[in-house]
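Reviewing the structure listed below.
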Amino acid sequence: MKDLASALSAANAAVFVKLGLDARHADVRRSDRPDLAEFQGNGAMAAAKAAGKKPQELASQIAAAWDAEALAPKPQVAGPGFLNFRVTEGALSDRARVIMGDARAGAALVERKRRVVVDYGGPNVAKGMHVGHLRASIIGESVKRIYRFRGDEVWGDAHFGDWGFQMGLMIVSIEDELGGLADKNALDAKLKTITLDYLEGAYPRAAAKAREDVSFRDRARKATAALQAGAEPHRTIWKAMHDVSMAAQKRDFASLGVNFDLWLGESDADPLIPDMVKDLEAKGLLEEDQGARIVRVARPGETKKKKLDDGTVIEVESPDPLLVVSSEGSAMYGTTDLATIVQRVRDQKPDLILYVVDQRQADHFEQVYRAAAKADYIAREALEHVGFGTMNGTDGKPFKTRAGGVLKLNDLIGQAEEKARERLREAEAEGRLAKDISPAEFEDIAHKVAIAAIKFADLSNFRGTSYVFDLDRFMSFEGKTGPYLLYQAVRIKSILRKAKAESLEPGAIEIAHEAERALALTLDGFNHALALAYDKKAPHFLAEHAYALAREFSAFYDHCPILTSEGAVRASRLALSGATLKQLTLTLDLLGIEPPERM
Ligand code: ARG
């Protein structure tokens, strides 16, 4: 049994078969109106249609024939023919005990295990890691963990942006700003002065210059091609930038609790490009276009309207062709993405590649995926863009700092930690913080609270939805926030610690009180939430589940004394608390959030 809904479905299917009905309509699900029913089956309507019967009458017949009384009493018929189920206390207690004894806290594995690459994070060398990459990192990390937990073989790959035009741009900018790079000895000494701060300042200067100065832009294009052809000093300059950026990004990712299995970048796919271009050519897919070489991906008749400079509107193919080799002979963003597919097919043999990247890159991925399928590198269905909306400022536009710049990830985490310290000191002043907390533990708690606040604020929205950055709200200990979830987890830990200190043992779970019932039903819902998060690549289903668990535990705690109750009741409640803690910790881990021991 995966969960109570699947047990009810199986029992209902047996009833359908007994009545000569198509068992495919027998599915029973968790009701989305828990105030009206715990579980609901609405297949009587479809079955009645197929059998030419009245839905309500058929529903009543099904209810009358229901005989899995240990699982649930006969269902109630409601509305046009819904079957409403309420499970027995026995079935619920059994289910809670299974969850309590299961290391996976009641979560099933996928039936067919797949090999999956999750491409996420994607920061760019020299540009530093800013909040634009925050959502990719947070959502991607969670998707990776969800896939792995369900039993797939999973590789997370950072896919660093380290090979495109911005590299050529940085090289000419460094040449101009540092000067005298032709001499090998002088070069090494000068490159040692390159720091992350320097790169992060130099990039916007270079980008601005390239927008105004055509000859500078041309030099940058040529430098890109030269770098890719292995020229010096381009390669040496590139390596210096790459190493400085990479070290900083590894530090930022670690602080955010984001871990990759593969720390690869666009440049790692470069060696595969010459053969790939030959292959595309041999397959007749490459076309010349104004000195560049492209692969057309639009199907006949797929067009969009395009406005020309003189105002006339023409129909052009859509999606745009994929640019494979620029007129300077360099590889583009799409080229490295296509070559990376070839590389992954060779190295990981994936059944699925998920790209957790800003929704605004949807067109780019559509071009790459179609080109990959046309070239027969991988099936189109094996490639999926898991897009997301933006993190906005209160003005509704992508978030900027007060000075108008992009916020660096490092600074964001620092700000969140400072807020967390404030909140913890408030709690301390009110006597709500655990006693004898050392400065080191205080810092550890502040860091965990900060990361929980940032991540949960992001993951509690469906990924496609944009949300407004509001650190004060994210950091509240009340409401649907990361800190609230940590607070509930820590509360359970503290209860279980006290029980242990008093040698009070957990025992068999017996669901009796309504609050216990609600909590056990929520525990049973984990598998469903996990499956939804997996199928839809949407961690917010698990964020919702974590919040529901925390809330139901809080209600249970308010209504059902744990340590002050007696005997079997106390043992049951301790076990129920233990099961909740295990599942909550697991769910938070799948979101990339780690609760402290106390706070
Ligand atoms: N570096 C890119 C950016 O900053 C994101 C990379 C996403 N992944 C990919 N395979 N293209 O926009």
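The values are calculated or read from the model by the stated rules, or taken from the named source; none is laboratory data. On a predicted model such as this, the values are computed, not experimentally measured, just so you know. Glycine also receives a Cβ, built like all others from the backbone with ideal geometry; neighbour counts cover every protein chain displayed. Calculation scope for accessible area: heavy atoms of the full protein, side chains included, ligands and nucleic acids excluded. Shrake-Rupley method; radii C 1.70, N 1.55, O 1.52, S 1.80 Å.
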Item to complete: Can you grab the distance from the C-alpha centre of the range 510-563 to the C-alpha centre of the range 389-454, Å, no decimals?
Response: 27
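Let me have the 222 nm mean residue ellipticity of the chain computed from DSSP H runs of 4+ only, each contributing -39500 (n - 2.57), with the sum over all residues rounded to the nearest 500.
On the way: 22 runs with 314 residues, N = 599.
Taking each H run of at least 4 residues, the total per residue is -17000 deg cm²/dmol.
Starting with the highest mean, order 152-162, 451-461 by the number of other Cβ atoms within 10 Å, averaged over the residues of each peptide. Mind dumping the intermediate values first?
Working: 152-162: 22.5, 451-461: 25.5.
So the order, starting with the most tightly packed, is 451-461, 152-162.
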Worksheet item: Which of the trypsin sites (Lys or Arg not before Pro) found in the range 155-239 are in a DSSP loop and have at most 13 neighbouring Cβ atoms, other than their own, within 10 Å?
Response: Lys192
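Could you sort 425-438, 165-178 so that the peptide with the highest average Cβ count within 10 Å comes first and the rest follow in order?
Details: 425-438: 11.3, 165-178: 21.8.
The most tightly packed comes first, giving 165-178, 425-438.
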Worksheet entry | the range 78-143: GluC sites (Glu not before Pro) in DSSP coil with no more than 16 other Cβ atoms inside 10 Å | Glu111
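When the accessible area of the chain is computed with all protein chains present and a 1.4 Å probe, what percentage of it is carbon and sulfur?
Numbers: 13820 of 26570 Å².
The C+S portion of the solvent-accessible surface of the chain is 52 percent.
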Worksheet item: Normalised by the number of residues in the chain, what is the relative contact order in percent for Cα pairs under 8 Å and 6+ residues apart?
Response: 15
Discussion item. If I take every Cα pair under 8 Å that is 6 or more residues apart in the range 1-116, average their sequence separation and divide by the length, what percent do I get for the relative contact order?
Written reply: 21
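Dividing the convex hull volume of the alpha carbon atoms of the chain by its residue count, what do you get in Å³ per residue?
Numbers: hull volume 123.5 nm³, N = 599.
Spread over its residues, the Cα hull of the chain gives 206 Å³ apiece.
Which translational diffusion coefficient, to the nearest whole µm²/s, is obtained for the range 480-571 from the Stokes-Einstein equation, given a Kirkwood hydrodynamic radius over C-alpha pairs, 37 °C and 0.692 mPa s?
On the way: Rh = 14.4 Å.
So the translational diffusion coefficient is about 227 µm²/s.
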Worksheet, complete the sentence: Along the range 280-286, Karplus-curve 3J(HN,Hα) (6.51, -1.76, 1.60; θ = phi - 60°) to the nearest Hz, with x for Gly and Pro, reads 4, 5, 4, 7, x, 9, 8
Practice prompt. Keeping all protein chains in position, work out how much accessible area Ser9 exposes to a 1.4 Å probe, and write it in Å² to the nearest 10.
Written response: 20
Fill in: Set Lys455/Lys582; Lys2/Lys144; Lys278/Lys455; Lys283/Lys304 screened for pairs whose C-alpha atoms are more than 32 Å apart
Lys278/Lys455
Worksheet item: Out of residues 5 or more away from Val28 or on other chains, whose amide H comes under 5 Å of its own, with H placed 1.01 Å from N in the peptide plane?
Response: Ser9
Worksheet item: Around Met599, what is the net charge, scoring Lys/Arg as +1 and Asp/Glu as -1 over all other residues with Cβ under 15 Å from its Cβ?
Response: -1
Discussion item. Sort 469-477, 509-517 by packing, meaning the average of other beta carbons within 10 Å per residue, with the highest value first.
Written reply: 509-517, 469-477
Worksheet item: Whose amide H sits under 5 Å from the amide H of Phe399, counting only residues 5 or more places off or on another chain, with H placed in the peptide plane?
Response: Met391, Asn392, Gly393
Worksheet item: What percent do you get for the relative contact order of the range 334-453 when only Cα pairs under 8 Å and 6+ apart count?
Response: 20
Worksheet item: Which value, in Å² rounded to 10, gives the accessible area of Val406 with a 1.4 Å probe and all protein chains present?
Response: 80
Practice prompt. Would you kindly derive the ³J(HN,Hα) couplings of the range 205-220 from the backbone phi angles with the Karplus curve 6.51 cos²θ - 1.76 cosθ + 1.60 (θ = phi - 60°), listing them in order in whole Hz, with x for Gly and Pro?
Written response: 4, 5, 4, 5, 4, 5, 5, 9, 10, 4, 5, 5, 5, 4, 4, 5
Worksheet item: Which whole-Hz couplings ³J(HN,Hα) result when phi for each residue of the range 158-167 is put into the Karplus expression 6.51 cos²θ - 1.76 cosθ + 1.60, θ = phi - 60°, listed in order with x for Gly and Pro?
Response: 6, 6, 4, x, 9, 9, x, 4, 5, 6
Discussion item. Before I look further, what does the chain give for accessible area per residue, probe 1.4 Å, in whole square angstrom?
Written reply: 44
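What's the local net charge at Pro319, with K and R +1, D and E -1, over the other residues with C-beta under 9 Å away?
Details: positive: Lys304, Arg370; negative: Glu302, Glu317, Asp320, Asp363, Glu366.
Residues close to Pro319 contribute a combined charge of -3.
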